[in-house]
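A short worksheet on the structure shown next.
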Amino acid sequence: MFCFQCEQTAGGKGCSGHCGVCGKTAEVANAQDDLTKALIGLALALDGKRPSAAQRKLMMEAMFATLTNVSFDQGRIAALTAAAEAEAKTIQGAAAGAACAPSGQPLRLWQADEDIRSLKSLILFGLRGMAAYAYHAQVLGYADDLVSDLFFSGLRAVGDLQAGMEQLLPVIDRVGEINLRCMALLDRANTETYGTPAPVEVPLAVEPGPFIVVSGHDLHDLALLLEQTKESGVAVYTHGEMLPAHAYPLLRAYPHLKGHIGTAWQNQQQEFAGLPAPILFTTNCLMPPKESYADRVFTTGPVSWPGASHIDEEKDFTPLIEKARALGGFTETWQFTGINGGKTLTTGFGHGAILAQADAVVDAVKRGEIRHFFLVAGCDGVRKSRSYYTEFVKQTPPDSVVLTLACGKFRFNDLDLGTVAGLPRLLDMGQCNDAYGAIRVALALAEALQCGVNELPLSLVLSWYEQKAVCILLTLLHLGIRNILLGPTLPAFLSPAVAAYLVEKYQIAPISTPEADLARLLG
Ligand code: SF4
Ligand code: SF3
């Protein structure tokens, strides 16, 4: 196996041998490479022709299944590979797979020249991230052919053995451009289906009685579960990236959506160990379940773990509800606390809520009451140096606003930072896909203050872990946003030359220390 698609890759270089750091076995990693080869084969076989609706759906689900911490089930991955190969064969027997090594051999991409490999990795991993967002929009009935076309044209570029820097750089920019469109689509899907998010304080206390914990990003799964559990006596609590669900009026309307437990994904093995309730994983990030709770893990959609109960496309959650009843929940109220001891979390400051107060915010900036905005956003992970983000937020000056989104926020979202100009200083904008909302707020601020985005008193301090962060980063670069601070480490798949190119063109810099970075950003 060889895999270097996420931030925790072994030795900062690549996972190889029997197992990746995430728990993905060599068999699963190789099956994912075979799936990627089959998808490239399908894209090449289509040769620019329009894919069918079924081929678009297959492409999106299969790409999603190769994301970090989504599918650990070799059988499910092999079934997707067989489906992609069958599609390719029906289109054009011989050409399918011509540019890819046969099954069982390493993906040729990993053996290419290191700069080409780096550029193609940016395309491939960016597309994998975008597939997750496209999937969440699609289950709500929102699709965009320009988004799904890019999976095919992008994979054709990855499979093109002749492609050089001149061919690949525009594709990378295109992934950023189309991912913006994809995040906008998902934003529309979420808000038109469940209403515009509004600020809400979410309790971290679990009431007595049976309950279910829902993790991941898929609001549609949560809504279906809420519908199936209403008046059942089984309560529902969110976990991880599902926290922002509480801000959507039509989801909040369910009184048995009670609260939230847990922090970011990497703490799940401790957080789930003693929980008297089943857990539903709707997307990443799933870690190998510990024995202490393995029989309580349920997966759905592209997420899978061998042996865990999988809820199929019919979305009949009966087994999960029965499990919750059998476990019975806590007998007394159980108080979960955030990393800094907080007992509630506030979320729901999406672009709708923030832009509703745009005039007041712009006035406060003009009066000098708000000096600076920081977007401290992105994924969490196990690396110790990620404590940088907590320290950074703690040290931001009292006349600044901290916008946040995605799961990295659990390191500081229970801190009370007080208010500035009548606004809370810490504004949780939502899930990682709500990076789209942050972009909208930045563009609106720039317009109101009659300057470019790069001239705004705004700094982006980002953390990455998996491939959704890659597609968001490509979107920010496509928009010409400069001076992004990225941590905790730069991606292993950036070759020195490609990293130097990004630094020179966009002034991306690795995080250093909160003190030094703050001094520089405010200076
Ligand atoms: Fe390693 Fe990350 Fe790949 Fe898992 S997803 S095998 S941890 S690089
Ligand atoms: Fe987190 Fe996986 Fe990336 Fe959606 S849940 S931000 S890491």
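Residues checked against (1) part of a loop (DSSP other than H, G, I, E, B); (2) assigned by TED's automatic domain parsing to the domain that holds Tyr237; (3) within 14 Å of Asp73 (Cβ to Cβ):
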position	(1), (2), (3)
Gln269	no, yes, no
Leu275	yes, yes, no
Leu280	no, yes, no
Cys285	yes, yes, no
Lys290	yes, yes, no
Asp295	no, yes, no
Phe298	no, yes, yes
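Look through Gly437, Gly408, Gly422 and report the one residue that is more than 26 Å from Ala516 (Cβ to Cβ), surrounded by 24 or more Cβ atoms within 10 Å (Cβ to Cβ) and in contact (Cβ under 8 Å) with a residue 24 or more places away in the chain.
Gly437
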Exercise. Go through region 248-272 and give me each residue that's surrounded by fewer than 16 Cβ atoms within 10 Å (Cβ to Cβ) and of a type outside the set (A, V, I, L, M, F, W, C).
Key: Pro249, Pro255, Gln269, Gln270
Quiz item: Can you pull out the residues in region 11-30 that are under 18 Å from Ser121 (Cα atoms) and surrounded by 14 or more Cβ atoms within 10 Å (Cβ to Cβ)?
Solution: Gly14, Cys15, Ser16, Gly20, Ala29, Asn30
Quiz item: When you look at Val470, is it over 29 Å from Met287 (Cα atoms), of a type in the set (Val, Ile, Thr) and buried (at least 17 other Cβ atoms within 10 Å of the Cβ), yes or no?
Solution: no
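So that you can scan it fast, the table gives a plain yes or no per residue for (1) over 20 Å from the mean Cα position of the chain (by Cα); (2) acidic (Asp, Glu); (3) more than 25 Å from Leu355 (Cβ to Cβ):
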| position | (1), (2), (3) |
| --- | --- |
| Val441 | no, no, no |
| Gly452 | yes, no, no |
| Pro457 | yes, no, no |
| Leu462 | no, no, no |
| Arg482 | yes, no, no |
| Leu486 | no, no, yes |
| Pro491 | no, no, yes |
Quiz item: Taking region 194-224 only, how many residues are over 26 Å from Gly408 (Cα atoms) and not charged (D, E, K, R)?
Solution: 4
Quiz item: Got a sec? Which of Cys3, Cys19 is within 30 Å of Leu462 (Cα to Cα), more than 22 Å from the chain's Cα centre (by Cα) and within 16 Å of ligand 1 (Cβ to nearest atom)?
Solution: Cys19
Quiz item: Any idea which residue in region 65-95 is surrounded by the fewest Cβ atoms within 10 Å (Cβ to Cβ), counting only those that are in contact (Cβ under 8 Å) with a residue 40 or more places away in the chain and in a loop (DSSP other than H, G, I, E, B)?
Solution: Ala95
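The values are calculated or read from the model by the stated rules, or taken from the named source; none is laboratory data. Everything numeric in this text was worked out from a predicted model, so none of it was measured. Cβ atoms come from the backbone with ideal geometry, glycine included; neighbour counts cover every protein chain shown.
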